[in-house]
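The values are calculated or read from the model by the stated rules, or taken from the named source; none is laboratory data. Since the structure is predicted, the reported quantities are computational estimates derived from the model, not experimental observations. Because the Cβ atoms are built from the backbone with ideal geometry, glycine has one as well, and the counts that use them run over all protein chains shown. Ligands, DNA and RNA are stripped out before the accessible areas are found, and what is left, the full protein with its side chains, is counted by its heavy atoms. Shrake-Rupley method; radii C 1.70, N 1.55, O 1.52, S 1.80 Å.
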Amino acid sequence: MEPIIHINKLNLYYEQFQALKSICLDIPEKAITAFIGPSGCGKSTLLRTLNRMNDMIPGTRIEGSVQIGGKEIYSDDVEVEVLRKQVGMVFQQPNPFPKSIYDNVAYGPRLHGVKNKAQLDQIVEQSLRQAVLWDEVKDFLKRSALSLSGGQQQRLCIARAIAVQPDILLMDEATSALDPISTLKIEELVQELKARYTIVMVTHNMHQAARISDRTVFFLNGEIVESDDTRTLFSTPQDARTEDYISGRFG
Amino acid sequence: MIQRREFDQNLEELRQLLREMGEHVERALRESITSLQSLDVNKAKGVIAQDLKLNEMEEEVMDIGSRLIVTQQPVAKDLRRIIVAFKISSDLERMGDLAVDIAKVTLRLEGQTLLKPLIDIPKMAELVELMVEESLQSYLDENTDLAYKMAKDDDEVDHLYSQMISELYSIVVHHPDSMQQVMLLTLVGRYIERIADHATNIGESAVYLVTGHRPDLNQ
């Protein structure tokens, strides 16, 4: 698998606090990569670095290199809006806009200049189908997105993220607020989406990482302890700290 | 997240059960051989009766292990500890059955006299008993060196076995009427040799537990 994301010697500071320490990591294309580690280990910080969400936090300073598709995303000529179209994000809490189901999905394409009704209809249907939500909502697309269940809302957020045809989908604990059945649906969905998108997910649920990811990266205190094929990492981890963490000895 | 303390206690319970099963097998093997040497039918019956306990312990290992998988969803070495416990308990249970088979030979020979005092069979059994002990110890101490050392003894067992077969063959040539006893003693040799193979399996399990890779010690 070819790496689509190439991170080299990345340091990130919040004021004086160093949250990421010399991160080097290649993330393969069209695969699911899971970040695991105890709270405060830097996994979400690194995820947010990939679409420059950290830019919004005052006092953040970054050194090193993050390349996506061979392009340095922290260089001056990168437009953050364009980057975020390429690198979509789904958050822990489903956060649909207080608009209709249709308008939620059409929001991104409209923002990027799609005005044609037929074309928008097609994007909305296709995105909802890919997010395995179409059959449940096709008859009331004008209804408020807030009327959907939590699991449906999260799939709507995924549909909204893929409506702008990103290359990469970041998921920050995207199932931790959901019940087990909705979680399972999202997990199945993510497995299907990897045929089209590169998925990077942060999860507190180690078994979720073991179930659905292709590669797993274990973080501790702002550093990568181990990064490997998921089966290997969960069967024969090389570092004792990884073994301790996945076996529940700390964290 | 695994509730570590209770989980560790349960894993320790599994270890202790396997230790007990190992001691049981060593004793069963020893007593089946002494029952054969002296054609002591009561002792042989004791070995057969005791086997029930070994079967129960195997079931207990299966119960604890499957409960831990369901409730704790262990990974990495924790998962291997349970997989290995399943495998070792089933090896030990089979070893117990083979000791019972030896005891049954004693029952079949009731009222007869042995053609000659047994030499190679007790020698083999003694060596195999040591293999059983060492294989279990390699698992309990997670000592892969001991597992490899133990597996080497299997060559000597095989050597004694073929020596025994040649000897019994020459006996049957000169005393065709001893056919039944010779066949039964050949089977005993085979049973002991099979127990050694199971000990080697336990050594392999010990290596798998420690390294995550399956060696072939049975070459």
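Numerical summary
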| item | result |
| --- | --- |
| Hits among lysines - C-alpha to C-alpha of residue B:53 under 22 Å, sequence gap 8 or more where chains match | B:43, B:45, B:87, B:104 |
| Relative contact order (%) - the stretch A:182-251, alpha-carbon pairs under 8 angstrom, separation at least six | 19 |
| Interface burial for A against B (accessible surface, 1.4 Å probe, total of both chains, Å², rounded to 100) | 1000 |
| Assigned charges on the beta-carbon of Lys, Arg, Asp, Glu; chain A dipole about Cα centre (debye) | 720 |
| Top positive-direction residue, dipole computed over chain B with Cβ charges, set B:69, B:173, B:192 | B:69 |
| GNM flexibility winner over chain B from B:125, B:206, B:76 (Cα, springs under 10 Å) | B:76 |
| Rg/Rh for chain B, where both radii come from Cα atoms and Rh is the Kirkwood radius | 1.05 |
| The stretch B:75-219 - charge dipole about Cα centre, Lys and Arg +1 at Cβ, Asp and Glu -1, debye rounded to 20 | 320 |
| 5 Å-binned pair-distance histogram of the stretch A:165-204 (Cα, whole percent) | 6, 24, 30, 26, 12, 3 |
| Furthest towards positive pole of dipole, A:67, A:95, A:80, structure part the stretch A:58-105, Cβ charges | A:95 |
| Alpha-carbon centroids, the stretch A:26-52 and the stretch A:139-188: separation in whole Å | 19 |
| Per residue value of the accessible surface for the stretch A:101-251 (all protein chains in place, 1.4 Å probe), Å² | 44 |
| Shielding by other protein chains, B:74-80, mean Cβ within 10 Å | 6 |
| Residues listed by number, the stretch A:171-200, amide nitrogen under 20 Å from residue A:140 label point at 7 Å toward C-beta | A:182 |
| Simple Cβ-charge dipole of the protein assembly as shown, Lys/Arg +1 and Asp/Glu -1, about Cα centre, in debye nearest 20 | 2340 |
| Equivalent ellipsoid, the stretch A:93-241 (semi-axes from 5 times Cα gyration tensor eigenvalues, Å) | 33, 16, 13 |
| Helical mean residue ellipticity (222 nm; -39500 (n - 2.57) per DSSP H run of 4+; nearest 500) of chain B | -30500 deg cm²/dmol |
| Accessible surface of the stretch A:155-251 [probe 1.4 Å, protein heavy atoms]: carbon and sulfur percent | 43 |
| Candidate aspartates and glutamates for bridging to residue A:9, where Cα separation is under 20 Å - those fewer than 8 sequence places away on the same chain excluded | A:26, A:55, A:63, A:72, A:76, A:223, A:226, A:228 |
| Table column - 3J(HN,Hα) (Hz), the stretch A:159-172, Karplus curve with 6.51, -1.76, 1.60, x for Gly and Pro | 4, 5, 5, 8, 5, 9, 6, x, 8, 10, 10, 9, 10, 9 |
| Using a Förster distance of 35 Å, the FRET efficiency for residue A:107-residue A:15 (Cβ separation, nearest 0.05) | 0.55 |
| Of B:49, B:92, B:119, farthest towards positive along the dipole that unit charges on Lys, Arg, Asp, Glu beta carbons give the protein assembly as shown | B:92 |
| Mean separation of Cα contacts under 8 Å, 6 or more apart, over the residue count of chain B: relative contact order % | 26 |
